[in-house]
Amino acid sequence: LQPQELYITFIDKEGDEHKIAVSKGDNLLTIAQAHDIEMEGTKIYSYTYTYTYTTLSRLTIGEIGACEGSCACSTCHVIVESEDAFDKIPEATDDENDMLDLAFGLTETSRLGCQIEMTPELNGLRVQLPSNTRNLQAKDFSSK
Ligand code: FES
């Protein structure tokens, strides 16, 4: 029996869609990392790395998934596109909610990607990556 293939779509800050085949149990942070999907932490990292606090950024900000999925940062913030889908995801823990409170661009359907595992119920999930002040700043300074 073939394991069921599931799909998730990330919508990046430019509005481009990235539809990715994933497996049950994959979490959104590891999926994004494996497919070079740019989450909040990536931009901050490239901005600080390139233009200002090279050493400092490594120590204090780090990359996407700065806490390696342990629910202690908010660099993996995603916005679930539909309320229906949001309701299918197991509820956030208090720790996740505490971290979300610190996230930029928080919405009613915000979650931390590292805390969402793909299940057959979530097949076809669509999540947006928040654009926020910090990212705009990073973009402004980016030389591309
Ligand atoms: Fe830090 Fe998700 S990677 S909370």
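The values are calculated or read from the model by the stated rules, or taken from the named source; none is laboratory data. Remember, predicted model here, so these are calculated numbers, not experimental data. Cβ coordinates were reconstructed from backbone atoms using ideal geometry, including for glycine residues, and neighbour counts include every protein chain displayed.
So the values come out like this:
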item: T93 vs. criteria surrounded by fewer than 19 Cβ atoms within 10 Å (Cβ to Cβ), at pLDDT below 90 and not charged (D, E, K, R); result: no
item: Number of positions in region 12-54 that are part of a loop (DSSP other than H, G, I, E, B), surrounded by 16 or more Cβ atoms within 10 Å (Cβ to Cβ) and at pLDDT below 95; result: 4
item: Close pairs (6 angstrom Cβ cut-off, 6 or more residues apart or separate chains): under 14 Å from G15 (Cβ atoms) and at pLDDT 50 or above in region 119-144, of a type in the set (K, R) and in a loop (DSSP other than H, G, I, E, B) anywhere; result: L129/K13; S131/K13
item: Test: residue in region 3-11 that is of a type in the set (D, E, K, R) and modelled with pLDDT under 90; result: yes
item: Pair list, Cβ < 7 Å and 6+ apart or interchain, from region 75-95 residues that are closer than 16 Å to P130 by Cα and without any contact (Cβ under 8 Å) to a residue 40 or more places away in the chain to residues that are among the aliphatic types (A, V, I, L, M) and within 14 Å of the ligand (Cβ to nearest atom); result: T75/M39; T75/I64; T75/A66
item: Matching residues, region 100-115, being polar (S, T, N, Q) and near the ligand (Cβ under 9 Å from one of its atoms); result: Q115
